[in-house]
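Read-outs: derived from the displayed coordinates by stated rules, not from any lab. Treat the numbers as computed from the prediction; the structure is a model and nothing was measured. Note that we place each Cβ from the backbone using ideal geometry, even for glycine, and neighbour counts take in every protein chain shown.
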C-alpha cells in the first residue's frame, strides 16, 4: 500500500540482509559481504537483482565450480574458494575462504584487516541489457550475464560491494598447528637428534639444511645469554638456564606463557 496509507499495526515486508558476527567457529581467512547490488555504479551501470542467478546455478563455484575468487580481476591470482554465492533480497551476497597458506593471499588478508575490509567487483560476460533512465539519469541496465569471477579490489565500481566480515585469526593460532613438531624438538638430547627433528618436521629441507640452520641459531645464541637488565643494573642471580634469561624477555613474557601452555 502507498506509504501515506500506513497506520499503526500494519504488517510490512521488507527485504533485509544481516552480516553475521565474527564467530570462533569460522575458519581463518573467512570473508563475506556484498558482491553486487542494483545501486548505480561509478560507470552508470545497474545490475538487475538475480542477473547472475542462472549463471551461478549452471557453472557453480568452489573446488569444481567455474566461478573463481580472484584479486583485481587477474586470472593468475586465485585467492581461495567461494563457499556461498546467492541473491538475497536485491543483493548478490558472497561468502569465501582465503587460501592463507599462499604468501600473496596472506598479504592481501592483512591489508584487508588493516583497512577494515576491502571490496568486491564482479567479472562477467554480457547477455541481456538495455539503456534506460532512472531518476532522470541514463543508465546501462544489465538484465543478465554469465558470471565468471568475483574479485577482491580496493576501489569497487559499486559502492555497496564491500566486505562485512573478516575472520580475525589468533596471532598464536599457528602454534597449535605445529605443537607436535615443537615437542619433537624439545625432546631431543643431542645435536644429531635436533638436526633430524628439524628436517623431519619441516623446519629445514634436509639434514644438511638443518645443520646450517643450527649453525645460524648458534651464532645468535648471545641474544639470549645473561646480560644486564633493562634498567641498567646487573642481573643479581644467574638464571638456571643461561640461554633463557627471563629478565631480557620482559616485553614478551605474556606470549611466552601462552607458548609454554601449548607444550
Suppose R0 equals 30 Å; then what is the FRET efficiency for residue 136 and residue 59 from their Cβ-Cβ distance, rounded to the nearest 0.05? 0.25
Could you list log10 I(q)/I(0) for the range 14-166 at q = 0.13, 0.16 Å⁻¹, which the Debye formula gives when each Cα is one point scatterer? -0.57, -0.86
What's the FRET efficiency of residue 214 with residue 154 using the Cβ-Cβ distance as r and R₀ = 41 Å, to the nearest 0.05? 0.45
Mean Cβ-within-10 Å packing, highest first, puts peptides 88-97, 66-75, 133-142 in the order 88-97, 66-75, 133-142
